[in-house]
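*Asks:* Please see the structure below; I have some questions.
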Amino acid sequence: MNEIPLWASESFWKKMAIWVTAGSFLILVVLTMDSLTKTSAGSQRVPAYSVINKKIDYQYNNVSHKFMPIIGENEFLFGKEFTDEEARQLVDLGKKTTQAKNCMNCHTLLGNGAYYAPDLTKAWLDKGWISKEIREDMMVKFLMDPENNARTFGSNRKMPNLKITEQEAKGIIAFLKWMSSIDTNGFPYNFKTINAEE
Amino acid sequence: MNTSGLNKVIENTNALCEKSRICRNTFKAWVQLDSNNLSDGQQLAVKYFTVAVILFFAQILFGMLAATQFIYPSFLYEILDFSVNRMIHINAMIIWMLYGFIGCVYWFLEDESGTEIVGLKLGNIAFWLLTSAVTVVVLVYLLVQIGPGKDSSLWFINEGREYIEAPRWADIGIVVVMLIFFYNVVATFSKGKWSGIAGVLTLDLVALAGLYVAGMFYMTNITHEQYWWWWVIHLWVEATWEVLVGVIMAWSLMKLLGVRRKIIQTWLYIEVALMFGSGILGLGHHYFWIGTPEYWLTIGGFFSALEPIPLVAMVVHAVYDSGTHAFKNGNHPALAWIIAQAFGNFFGAGVWGFMHTLPQINMFTHGTQWSASHGHLAFFGAYATINIAFFYLAIQHWRGDVWMGGGSQNAWRWKWALGLLNGGVLGMTIALLIAGYEQSFIERAIEGSTWAGYFTAQNHPSFQSAMIWRLFFGGITFAGFILLVWDLLTIGKGETRKALMIVEN
Ligand code: HEM
Ligand code: HEM
Ligand SMILES: [Fe+2]
């Protein structure tokens, strides 16, 4: 074969491989730093844990053309106002419990996980809890004894008893309430919350 | 306990040991594999391959259990719940594929570097360390399953994070084992000779091991937690694993078909550039809905839409090389699985991935059986296939480089195994795709993803029948796996014709 053109030569592609990889990775690092700052707890997109003291809703926003969480006036969880630190601890307990109980291998959280049970992203706002007056109580009871408080919506699929304590159940509920306040760019679309009129 | 009871236990144990020894010897006499045919590195490699096959079996078994629970929810309820079965299903998959990859590298390390493996003993210790750790982890998954909401649960039971569920102590063990492996690779190339393939492999392993560390931390903030979790999962399967497979494929094509090194390495660099160039920022397709800023919709959508390009290039590469060498080679099942890899990777990752990667579509397919459809075809097509191809290369050499052609007497076994496995996974993929479409329409678009909407979609007849078809094709896959193992153990037995030796041309 005669002269190999530059674009077909081994050394050209070797350099390309190195530069493209290094460049992409560098951009990723910069974007990562930016994203982590913009999503730290207490940011615009990811509210502080003390948001569990507030009313949370999820509605279509006509300006940004997407569904967005709306954080309202005070609406205490378990009838108590939590300090920043107490709120953080309770959400932390809940988050840790969801991992220790392996929730993610049946449910999705923020849409990621398994597909055997409903998404938990906006579980706090779901109409399945019937009314806001009985929601907290129903959730605690359900988490502690899902077998006897099961509502399978005709599917016969029941959540197993995961030996969740009352404190852990409250932690999980706080975690779910906090998670429902995260701005998820409009996912899930067209979700009608427990606050919405029929 | 009295001594007579103890004596009985000892007696029984002895009897059991004796029995298993006899079993092992009978098995050895039956398979007739001669380890003198293998170099030291290759002997280590086949250990990894053996465990890989066992874990592959576990993957399929627990997948069948989980799939059955979709149809009969009370099956094994509160004994082995869906979450446990599914965790073992996908965790076994990740681990068996890693075992397979490590085996592949040990297999060709000596050949590629031109010298003996430097830390062979260390490599063996690492193998037993990893294998005992995996055994303990699986036993804990099965027997303990869950713990209280404390750090200790994450350290000793499971971390509750899809794909990387292994408890923290095991994470640390895995990192140590990877470091030993990495040392072996680098030290052996340094002692022998470096090559383009060696360089890409080394840098890729650094990235692969480094990324694992990104998934080892607990965070309360779920947005941050999932952000790093995807670094591991996505940057593994859509960047570093893909390049690792490129390396393994490059070496295999060189050996199997005699493709020239210069051509192979140029291709490898092109693939690295395209794969990393699209895959690294393609990570953004997991950052649409987890709380991260809106610019990821654009970046993730754009770069991940480019990801199929290197996969097309890989198909061209494999098919072109096979064609120009007139498919002349001495290991037909291995080449067949390599071709299956090229197409499986392209369809599973490239086409199925592309179909739901734009945010406007992903908004409705995210977190439905759509993802499972893509996950099955992609993992099987890209990573199970290349490992199986390598198992065939290994077994051929183990048998003393005998001829393994399509016309051999028992060739129907590998052909049927190939057909059943690929047909089974493809069947499951289609069933899950139908289920995913139905969920996207009914649960996501019409019902707005409420719990009631979720169950409306799950109870729909088209979803339910899709689950039955999935289980049916799971059974086909299972049958294909059994046949594959039988074939691997018997292929080439009693064959005296040598495989033609392929030389670079
Ligand atoms: C061999 C390579 C690949 C493998 C093994 C793979 C595997 C997977 C798996 C298992 C998931 C589900 C993750 C979960 O559990 O939530 C997933 C998600 C996804 N993959 Fe891939 N993938 C590959 C390549 C690709 C490519 C090339 C694309 C795009 C062109 C792609 C696009 C996506 C998207 C958009 C999702 C998100 C699905 C969702 O929103 O739920 N994948 N992938
Ligand atoms: C007998 C064959 C198999 C059966 C019955 C089966 C069944 C299942 C089931 C029931 C799930 C859970 C899905 C959900 O959460 O709803 C699952 C997940 C998964 N399986 Fe399989 N499976 C089989 C074989 C395989 C193979 C061969 C692979 C890849 C090599 C594979 C890779 C996966 C992956 C990556 C996931 C996670 C998907 C996601 O989260 O999106 N499976 N499988
Ligand atoms: Fe991805």
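*Asks:* Scan the range B:213-230 and give yes if some residue there is more than 27 Å from B:M363 (Cα to Cα) and part of a helix (DSSP H, G or I), otherwise no.
*Replies:* yes
*Asks:* Is there a residue being away from ligand 3 (no atom under 12 Å from the Cβ) and assigned to a helix (DSSP H, G or I) anywhere in the range B:284-296?
*Replies:* The answer is yes, given that some residue of the range B:284-296 is away from ligand 3 (no atom under 12 Å from the Cβ) and assigned to a helix (DSSP H, G or I).
*Asks:* Can you tell me which residue within the range B:61-97, out of those that are surrounded by fewer than 21 Cβ atoms within 10 Å (Cβ to Cβ) and more than 14 Å from chain A (Cβ to nearest Cβ), is nearest to B:L393 (Cα to Cα)?
*Replies:* Among residues in the range B:61-97 that are surrounded by fewer than 21 Cβ atoms within 10 Å (Cβ to Cβ) and more than 14 Å from chain A (Cβ to nearest Cβ), the one nearest to B:L393 (Cα to Cα) is B:L61.
*Asks:* Condition check: crowded, with 22+ Cβ neighbours inside 10 Å, away from every other protein chain (no Cβ under 11 Å), in a helix (DSSP H, G or I) and within 16 Å of ligand 3 (Cβ to nearest atom). Does B:A431 satisfy that?
*Replies:* No, not satisfied.
*Asks:* If only one of A:T184, A:T193, A:T165 is in the same structural domain as A:I56 (by TED's automatic domain parsing) and either hydroxyl-bearing (S, T, Y) or over 28 Å from B:L76 (Cβ atoms) (or both), which one is it?
*Replies:* When all the criteria are applied, what remains is A:T165.
*Asks:* For residues that are more than 7 Å from chain B (Cβ to nearest Cβ) and not acidic (D, E), scanning just the range A:147-157, find the one that is farthest from the chain's Cα centre (by Cα).
*Replies:* A:N148
*Asks:* Going by the structure shown, is A:T98 facing another protein chain (nearest Cβ under 9 Å) and surrounded by 22 or more Cβ atoms within 10 Å (Cβ to Cβ)? Outline the logic, then answer.
*Replies:* Details: facing another protein chain (nearest Cβ under 9 Å): yes; surrounded by 22 or more Cβ atoms within 10 Å (Cβ to Cβ): yes.
Against the criterion (facing another protein chain (nearest Cβ under 9 Å) and surrounded by 22 or more Cβ atoms within 10 Å (Cβ to Cβ)), A:T98 qualifies.
*Asks:* Among (1) surrounded by fewer than 22 Cβ atoms within 10 Å (Cβ to Cβ); (2) at pLDDT 95 or above; (3) within 24 Å of B:D34 (Cβ to Cβ), there is one condition B:Y392 misses while meeting the rest; what is its number?
*Replies:* Here B:Y392 meets the rest and fails (1).
*Asks:* Applying the selection to the range A:20-38, what residues are at the interface with another protein chain (Cβ under 8 Å from one of its Cβ atoms) and of a type in the set (A, V, I, L, M, F, W, C)?
*Replies:* A:V20, A:F25, A:I27, A:L28, A:L31, A:L36 - these are the residues of the range A:20-38 that are at the interface with another protein chain (Cβ under 8 Å from one of its Cβ atoms) and of a type in the set (A, V, I, L, M, F, W, C).
*Asks:* If B:G400 passes every condition in (1) within 9 Å of chain A (Cβ to nearest Cβ); (2) at positive phi but one, which one does it miss?
*Replies:* B:G400 satisfies every listed condition except (1).
*Asks:* Which condition number in (1) within 11 Å of chain B (Cβ to nearest Cβ); (2) farther than 17 Å from B:Q226 by Cβ; (3) in a loop (DSSP other than H, G, I, E, B); (4) touching a helix residue (DSSP H, G or I) at 6+ places or on another chain (Cβ under 8 Å) is the one that A:Q167 fails?
*Replies:* Result: A:Q167 passes all but (3).
*Asks:* Within the range A:143-160, does at least one residue satisfy the condition of being out of contact with any strand residue (DSSP E or B) (no Cβ under 9 Å at 6 or more places or on another chain) and not in a loop (DSSP other than H, G, I, E, B)? Give the steps one after another, and end with the answer.
*Replies:* Residues of the range A:143-160 that are out of contact with any strand residue (DSSP E or B) (no Cβ under 9 Å at 6 or more places or on another chain), as a first pass: A:143-160.
Right, trim to not in a loop (DSSP other than H, G, I, E, B) and you get A:143-144.
Yes; the residues of the range A:143-160 include at least one that is out of contact with any strand residue (DSSP E or B) (no Cβ under 9 Å at 6 or more places or on another chain) and not in a loop (DSSP other than H, G, I, E, B).
*Asks:* Sort out which residues of the range B:285-310 are surrounded by 23 or more Cβ atoms within 10 Å (Cβ to Cβ), within 22 Å of B:F346 (Cβ to Cβ) and over 23 Å from the mean Cα position of the chain (by Cα), and write them in order of number. First the steps, then the outcome.
*Replies:* Initially, the range B:285-310 is screened for residues surrounded by 23 or more Cβ atoms within 10 Å (Cβ to Cβ), giving B:285-292, B:300, B:304, B:307, B:310.
This time we only want the ones that are within 22 Å of B:F346 (Cβ to Cβ), so: B:285-286, B:300, B:304, B:307, B:310.
Correct list: B:G300 only.
*Asks:* While we're looking at this one, here's another question. Return the residues of the range B:399-414 that are touching a residue at least 24 places away in the same chain (Cβ under 8 Å) and either within 16 Å of ligand 3 (Cβ to nearest atom) or surrounded by fewer than 24 Cβ atoms within 10 Å (Cβ to Cβ) (or both); say none if nothing qualifies.
*Replies:* B:R399, B:G400, B:D401, B:V402, B:W403, B:G405, B:G406, B:S408, B:N410, B:A411, B:R413
Okay, residues lined up against (1) in the same structural domain as B:P167 (by TED's automatic domain parsing); (2) within 16 Å of ligand 1 (Cβ to nearest atom); (3) farther than 24 Å from B:F481 by Cβ:
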residue	(1), (2), (3)
B:V53	yes, no, no
B:Q59	yes, yes, no
B:T68	yes, no, no
B:P73	yes, no, yes
B:N85	yes, yes, no
B:E112	yes, no, yes
B:I117	yes, no, yes
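*Asks:* Quick check: is even one residue across the range B:196-209 of a type outside the set (A, V, I, L, M) and either free of Cβ contacts under 8 Å to residues at least 24 places away in the same chain or not in a helix (DSSP H, G or I) (or both)?
*Replies:* Within the range B:196-209, one or more residues are of a type outside the set (A, V, I, L, M) and either free of Cβ contacts under 8 Å to residues at least 24 places away in the same chain or not in a helix (DSSP H, G or I) (or both).
*Asks:* Can you name every residue in the range A:117-138 that is surrounded by fewer than 21 Cβ atoms within 10 Å (Cβ to Cβ) and within 12 Å of chain B (Cβ to nearest Cβ)?
*Replies:* Listed by number, the residues that qualify are A:K127, A:G128, A:W129, A:I130.
*Asks:* May I pose another question? Against the condition within 28 Å of A:K95 (Cβ to Cβ) and touching a residue at least 12 places away in the same chain (Cβ under 8 Å), how does B:Q145 come out, does it pass? Give the steps one after another, and end with the answer.
*Replies:* Working: within 28 Å of A:K95 (Cβ to Cβ): yes; touching a residue at least 12 places away in the same chain (Cβ under 8 Å): yes.
For B:Q145, the condition - within 28 Å of A:K95 (Cβ to Cβ) and touching a residue at least 12 places away in the same chain (Cβ under 8 Å) - is met.
*Asks:* Among what's in the range B:204-217 and is within 12 Å of chain A (Cβ to nearest Cβ) and touching a helix residue (DSSP H, G or I) at 6+ places or on another chain (Cβ under 6 Å), pick the residue that is nearest to A:G42 (Cα to Cα).
*Replies:* In this case the residue turns out to be B:A214.
*Asks:* From the list B:S371, B:S322, which residue is of a type outside the set (A, V, I, L, M, F, W, C), more than 14 Å from chain A (Cβ to nearest Cβ), on the phi < 0 side of the Ramachandran plot and touching a residue at least 60 places away in the same chain (Cβ under 8 Å)? So that I can check it myself, show each step before the final result.
*Replies:* On the way: B:S371 fails: more than 14 Å from chain A (Cβ to nearest Cβ).
On inspection, the qualifying residue turns out to be B:S322.
*Asks:* Do we have any residue at all in the range B:156-170 that's modelled with pLDDT of 95 or more, part of a helix (DSSP H, G or I) and either in contact with a strand residue (DSSP E or B) (Cβ under 6 Å, 6 or more places away or on another chain) or within 10 Å of chain A (Cβ to nearest Cβ) (or both)?
*Replies:* no
*Asks:* Continuing with this model, one more query. Output the residue which, of all residues in the range B:435-468 that are touching a residue at least 12 places away in the same chain (Cβ under 8 Å) and more than 14 Å from chain A (Cβ to nearest Cβ), is farthest from A:K122 (Cα to Cα).
*Replies:* By that ranking, first place goes to B:I468.
So that you can scan it fast, the table gives a plain yes or no per residue for (1) modelled with pLDDT under 95; (2) within 13 Å of chain A (Cβ to nearest Cβ); (3) touching a Gly at 6+ places or on another chain (Cβ under 6 Å):
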residue: B:V175; (1), (2), (3): yes, no, no
residue: B:H224; (1), (2), (3): no, yes, no
residue: B:W230; (1), (2), (3): no, yes, no
residue: B:H234; (1), (2), (3): no, yes, no
residue: B:A239; (1), (2), (3): no, yes, yes
residue: B:M249; (1), (2), (3): yes, no, no
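The values are calculated or read from the model by the stated rules, or taken from the named source; none is laboratory data. Everything quoted here is computed from the prediction, not taken from an experiment. So basically every Cβ, Gly included, is an ideal-geometry build from the backbone, and we count neighbours across all protein chains shown.
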